[in-house]
């Protein structure tokens, strides 16, 4: 059902260096891969459009055998590295993207490469079958499932009620009163985890790091969420789903994929990786060419490993997406893919003005009041840097640029691509400002701004 | 809250009321009365006020969502937005842009591995890309500028490559201020780093100054020291007389150490027109300024100082008898006039004072003096025996050879200062040949400096012959004086010498200096020969690894340079 069949469509367009380097798990891997990007260490390299393979001569006597399956992408290498993908896989991708003659197309995979690709396809099919079986098993005993759900709902409700009391208590004594003996929010967050409300826990934890000027707003939105959960069954179905998702209920991918899906040609608008000590979270934003719908895919990777989903910014993927339910559906999971990502016909996505962007965010808030920001393509804006920081202006209106962890070099790259001229910019438009993710240059080439 | 939105003052006040109440606590302060638009007042009135704290949170939620949903952008443009000037140069080919990304990524790298340190290859890439008149993609310009922040030797090429966009960015980001004080119109001035291919590309930013025409010299009067030196250097290259005028205007108010470096900047476009100024600088308070002025004057063959030096030289050296020998009478004292002309009275070397004064005089004397006076060629002059004139001036005093080295050394310094290829050639002597053991002992001065005076092809040929005769042991500085990439004959000579070194049982690390240079400078065409050496060397030895790495680097360089062909 959701198995991506290995594409037989030859990909004429090879990936950009930037995209290949974005697959690297860390900076040393990028550097090591750069050194393997020349034809010298490689032999027997080739591609059939959906996979790459080649043998890389290293310091040992036997060369390493490297295979990259491009659709997913997936990697396999005989080297002992624990990095994933390893420098050989990245080096092979760089070689393929930069020196087409060194990785000739239209070749038959070497035996060892073909074996692995076949094995991998079988494994993915089995995994999909297992997922289906699991979903069916869950459906098989609806009574037990309902009992479990009811039990959890009650615990979450108790947690939400406790949070309401805590918030009101603080407001009663005054936010300025940071007296001793008052439990920190970290402790309350732990209570929310116990109550199986991880969404509340995350928001509560952030309160310890919120500037005092913004505290009331954050308290109020959390109060609204906890209160809404208290009567979630009375809410319209879509809004109820939004409240459940924000509180921390999740829906299994397999379950989502059994529901309705949206097939479209999804243009990849941008990618942002957010690493912390335990997990790297990758956000991929898409927009349907036919439906115009925005979608957000999440992928995760352990330290030293790149998240398991990578799509080149600017390209188009024909696929089915299943959206998480909600008043303003955005987050989605990837179902069946129809072929590998292709270069987009019109490279620069259509966008809106700053005024329209903010109105669009307002419309999202009207449906889901907890919306912090909304994926937006701005067009015709000039990034401006002055003593107040960075702004985006179209000459008539100005949006503040919200850094949100964006590193300084990324902002200057944005300034360089613009050179003081209007550009098209994808990012998240919210009440704190606009956080850029991707900029398109004068030739319609996208540049990621998140690193 | 943010500057993103603008809202009516009444609404902002209502929010402030809520915040103040929350800050102090509902125990201490009553809930504010509902305010704002009728719809908001209606909704606020509907809020249950039994518990003031809960009611406050509900009112705040109502107001916060309303503010978010109704956010409006600030009107009007923010700040002045002058666009970067257009850059007419063609953009780098895709593969070359990718390569640049990789080279810039590698900038903090360490040596080792199967390839040379990428940071070592960056200068070559930059010089070549610049010479081809290409423009990097805008998105790479910030990383390019960053690469030159810590490596000032890259700045000339980086600033030229970054072009008008680089300057536009530098005007906005203080980290890149160096761009504004880097002169870009003399590529490859480093000598050893000279690629041989880089010439003035006529890129759009080579001329002129960022300042507006009205106050073109403002930077000279208000700028930082480095900016002022750059400004003076640029001006000297386009209009030497104007540069001199500028310097003369503020000369008396400059600090001694600044005067020294400004004087140095006059080397560009030095001409007899500068002589009166330099002649006056011989009376400067600072000893270093005086010495520099004297040195500059001595490179002006028609200058009064050069003439005075020639007179002293004629008094000190005489062609004896029938023109078969040179007799030396070193100066007996360093008089005030000599000191004013830059001769230090105390010898800073181990040599005696008279020999020191003598050497200074020869080094500052126009070399034409010797050939014109005697009618002999430099080679003939160098072949003459040199003796001490003795107390009676007849040449009986001292044994032959005492003054030979001093005279040759002085001539060598003069040849380097005056960029005299004929003399440099004669001083270097015939191309070295294997087995002849005259060696470098008879070559006066630093051969690498003399080589630098010769045309590139001659430098390479002489060095190749030297390496064939003497191996790599003493070749480091000579190789450094050769243009890169090395010519095929020089490359062949180096590869052959490496092969001999490998066979003789030495270790590669005893040649690490030469090897490092070889990775950067060997002609990429030599890759097959090096690969053959790698496969011939005993497997898993240091030499096998060294050759494999060298071959890999050569392939990398060949690929990276080929990508820049458009």
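Here are some notes:
- Sequence of A:247, B:514 once ranked by neighbouring C-beta atoms within 10 Å, starting from the fewest: B:514, A:247
- Listing B:146, A:441, B:565 from fewest to most neighbouring C-beta atoms within 10 Å gives B:565, B:146, A:441.
- Here the average projected area of the convex hull drawn through the C-alpha atoms of segment B:215-298 stands at 4.9 nm².
- Contact order normalised by residue count of segment A:172-251, Cα under 8 Å, 6+ apart, percent: 30
- Peptide B:12-23 has a mean shielding of 3, counted as Cβ atoms of other protein chains within 10 Å of each residue's Cβ.
- Highest to lowest packing among B:93-103, A:140-150, B:371-381, scored as the average C-beta count within 10 Å: B:93-103, B:371-381, A:140-150
- Computed with the Debye formula from one identical point scatterer per Cα of the protein assembly as shown, without solvent, the log10 of I(q)/I(0) at q = 0.08, 0.09 Å⁻¹ comes to -0.96, -1.10.
- Listed peptides A:372-380, B:269-277 appear in the order A:372-380, B:269-277 once ranked by packing, highest mean of other Cβ atoms within 10 Å at the front.
- Counting Cβ atoms of other protein chains within 10 Å of each Cβ in A:384-390 and taking the mean gives 3.
- Mean Cβ count within 10 Å, highest first, over the residues of peptides A:50-56, B:227-233: A:50-56, B:227-233
- C-alpha long axis of helix B:542-562 to longest principal axis of chain B, angle in °: 70
- Against chain A, whose longest principal axis is taken from its Cα atoms, helix A:354-367 shows a tilt of about 60°.
- Among beta bridges identified by DSSP and lying wholly in chain A, the antiparallel ones come to about 95 percent.
- For chain B, DSSP calls about 55 percent of its internal beta bridges antiparallel.
- Beta bridges from DSSP with both residues in the protein assembly as shown: antiparallel share about 90 percent, rounded to the nearest 5.
- Inter-chain neighbour count for A:212-222: the average number of beta-carbon atoms from partner chains within 10 Å of each residue's beta-carbon is 6.
- Calculated [θ] (222 nm, deg cm²/dmol) that DSSP helices of n ≥ 4 give over the protein assembly as shown, each run adding -39,500 (n - 2.57): -14500 deg cm²/dmol
- The C-alpha atoms of chain A define a longest principal axis, and helix A:198-207 lies at about 70 degrees to it.
- For segment A:237-374: relative contact order, % (alpha-carbon pairs under 8 angstrom, 6 or more apart): 24
- Cα centroid separation, segment B:502-566 to segment A:401-451 (Å): 43
Readers should treat all values here as calculations from the given coordinates under stated rules, not as data from a laboratory. These numbers were taken from a predicted model, which means no experiment stands behind them. Don't worry about glycine lacking a Cβ; one is built from the backbone with ideal geometry, like all the others, and counts go over all protein chains shown.
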